[in-house]
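Report on the structure given below.
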Amino acid sequence: MFTIVGLTLLVLYLISILSLIIVVLLENRNPLKTIPWVIVLLLLPGAGLIFYFVFGQDNRRQRIISRRTHKRILRPLHSNHLVQERGGVSPHFQPLVNLLNRNNQHPLLYGSECSFYTNGTDKFEALLKDISLAQHHIHLQYYIFGEDEIGKKVQTALISKAKEGVKIRVIYDDVGSWNVKNKFFNEMRHAGIEVYPFLKVAFPVLTSKVNYRNHRKVVVIDGKTGFIGGMNISDRYLKGTSWGVWRDTHFRIAGNGVHGLQSAFLIDWYVISKQLIKGKEYYPPADIFSDNVMQIAASGPTGQWRTLLQAVLFCVMNAKKYLYIQTPYFLPTEGLNQALQTAAMGGVDVRLMLPERSDTRTANIASHSFLDDMIKAGVKVYFYKSGFLHSKLLLVDDELACIGSANFDFRSFEHNFEINAFVYQNAFAKQMKEMFMNDQNIHCEQLIPARWLKRPFPQRLAESFMRLFSPLL
């Protein structure tokens, strides 16, 4: 009897595994993502089944907000007094403008002022100053809102403004801030601040939500100033790592560009709170600071299109002179991998800057497997040696700078909720280029092909093995 029962259970279990593999295949994903999941399910049938339900399900066909509500939130962004398409975008990049507008429904925003920070000290000093000047509202969204020294300073500043009557809304990612005690956020709630986690995950209950995280870093103050970039709220951005500084890039925007950040925040706010926030007070008339033209592009694992991946591919395939990239994690999709090599072989000056040492060892090992073909194709690869490079930057031809939260990896392009700004301004692009070249000339070492390609076989084998799982890292 036991043998029959055991055999029956085994057959049912195998049928469930095979059925799940069929489901994975029928999702028609990128084969580079399908194959690792099939391998995991075959080699680790028990654990693999759990891993798939937690990390593997494809939510791209789902909508997290209705089209009607989405349109209502974006309506102020498209009002005549905000959209000022006054030159500034060369015909060469007009298809990119059209692409982002069709995918993201974000128009061109004219006249913003952009400041940038390469270290946490300067960024948090500017942030705390702007918080202290807030009069109407503060919207703050971070993947990590740490309960450390700087986190408590920001918390104290927000509570102080709440007591003054400023309306404050806070979003933190439930996984990114998993080690922060509820007491920390409850202290803000008790002060009248509205605080919500994004896609709350209740362990040990298994849920696919754990794989779809909000990686955005957005602050909007009074609809007039905003912040976007790579830094979370954590002491690591101030104190660095055990092996050096934490080199990041963050941006302060003043003017119309802030309205793009505002609409992105309010969409996320509706998703988690079901509160529809609208009104002219959230999109006040903005001063014209420069001839800067930008688009704010948000992307995520829901909806039909991979907005940021499509935009980056356009930039790579349409670069004429140079393409400079800074990213902490380099795990490109196959299309992006081929596009970068093709651009370099076509004579474009492609430069890729990565950290020599990473905070994620598995991703760092996997990323090295992509560098052989990059170097052979003519891509110049630089390792940042002074600490951990966490900057996310794409520069094209002194005409375009792409800044924001997205890394050059599967997770940012496929799984995470991300946000980037595409800035179409010659002066700003050159400013970012100068920053890139300073990092390259002072803090980096260029990989020498003859030396790199002769690294030990065990190292290359480990890199190739980890590459198999790059879509899952």
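The values are calculated or read from the model by the stated rules, or taken from the named source; none is laboratory data. Quick caveat, the model's predicted, so the values are computed rather than measured. As a convention, Cβ positions derive from the backbone with ideal geometry for all residues, glycine included, and neighbour counts pool all protein chains shown. Note: accessible area is taken over every heavy atom of the protein model, side chains too, but ligands, DNA and RNA are not part of it. Shrake-Rupley method; radii C 1.70, N 1.55, O 1.52, S 1.80 Å.
Would you mind telling me the share, in percent, of accessible area of the stretch 219-308 contributed by carbon and sulfur at probe 1.4 angstrom? Numbers along the way, then the final one.
Details: 1440 of 2840 Å².
Whole-percent figure for carbon plus sulfur exposure: 51.
Within 10 Å of each candidate Cβ there may be at most 14 other Cβ atoms; applying that plus a DSSP loop requirement, which chymotrypsin sites (Phe, Trp or Tyr not before Pro) in the stretch 237-302 survive?
Values: sites: Tyr237, Trp243, Trp246, Phe251, Phe265, Trp269, Tyr270, Tyr282, Phe289; in loops: Trp243, Phe289.
Hits after loop and neighbour filter: Trp243.
Any lysines with Cα under 29 Å of the Lys433 Cα? List them, leaving off those in the same chain fewer than 8 positions away.
Filter leaves Lys123, Lys129, Lys217, Lys224, Lys239, Lys320, Lys321, Lys376, Lys380, Lys385, Lys392.
How would you classify the stretch 146-256 from its alpha-carbon gyration tensor, with a ≥ b ≥ c the square roots of the eigenvalues: rounded for a/c under 1.5, else prolate if a/b is greater than b/c, otherwise oblate?
Details: a/c = 1.42, a/b = 1.08, b/c = 1.32.
It is rounded, given that a/c, with a ≥ b ≥ c, falls under 1.5.
Please give me the summed charge of the neighbours of Gly378: other residues whose Cβ is under 15 Å from its Cβ, Lys and Arg +1, Asp and Glu -1. Display every interim value, and only then the final one.
Values: positive: Lys321, Arg351, Lys376, Lys380; negative: Asp349, Asp372, Asp373.
Spelling it out: positives minus negatives among the neighbours equals +1.
Around Asn318, under 15 Å between beta carbons, what's the net of Lys plus Arg minus Asp minus Glu among the other residues?
Working: positive: Lys320, Lys321; negative: Asp349, Asp397, Asp398, Glu399.
Charge balance in the 15 Å sphere: -2.
Going by a ≥ b ≥ c, the root eigenvalues of the Cα gyration tensor, does the stretch 245-381 fall in the rounded group (a/c under 1.5), the prolate group (a/b larger than b/c) or the oblate group?
Judged from the Cα gyration tensor, the stretch 245-381 comes out prolate (a/c at least 1.5, a/b above b/c).
Using the beta-carbon distance between Trp305 and Lys167 and R0 = 25 Å, what value does 1/(1 + (r/R0)^6) give for FRET efficiency, to the nearest 0.05?
Numbers: r = 33 Å, r/R0 = 1.33.
With a Förster radius of 25 Å, E is 0.15.
How about the stretch 414-473: which trypsin sites (Lys or Arg not before Pro) there lie in a loop by DSSP and see at most 14 other Cβ atoms within 10 Å? Provide the component values of the computation, followed by the final result.
Values: sites: Lys430, Lys433, Arg451, Lys454, Arg460, Arg467; in loops: Lys454.
Those satisfying the criteria are Lys454.
What distance in nm separates the two pseudo spin-label positions at Lys321 and Glu149, each 7 Å out from Cα along the beta-carbon direction?
With each label placed 7 Å out from Cα toward Cβ, I get 4.3 nm.
Out of the chymotrypsin sites (Phe, Trp or Tyr not before Pro) in the stretch 378-454, which ones are loop residues according to DSSP with at most 14 other C-beta atoms within 10 Å? Don't skip to the end; give the middle numbers.
On the way: sites: Tyr382, Phe383, Tyr384, Phe388, Phe408, Phe410, Phe413, Phe417, Phe422, Tyr424, Phe428, Phe436, Trp452; in loops: Tyr424.
Answer in residue order: no site qualifies.
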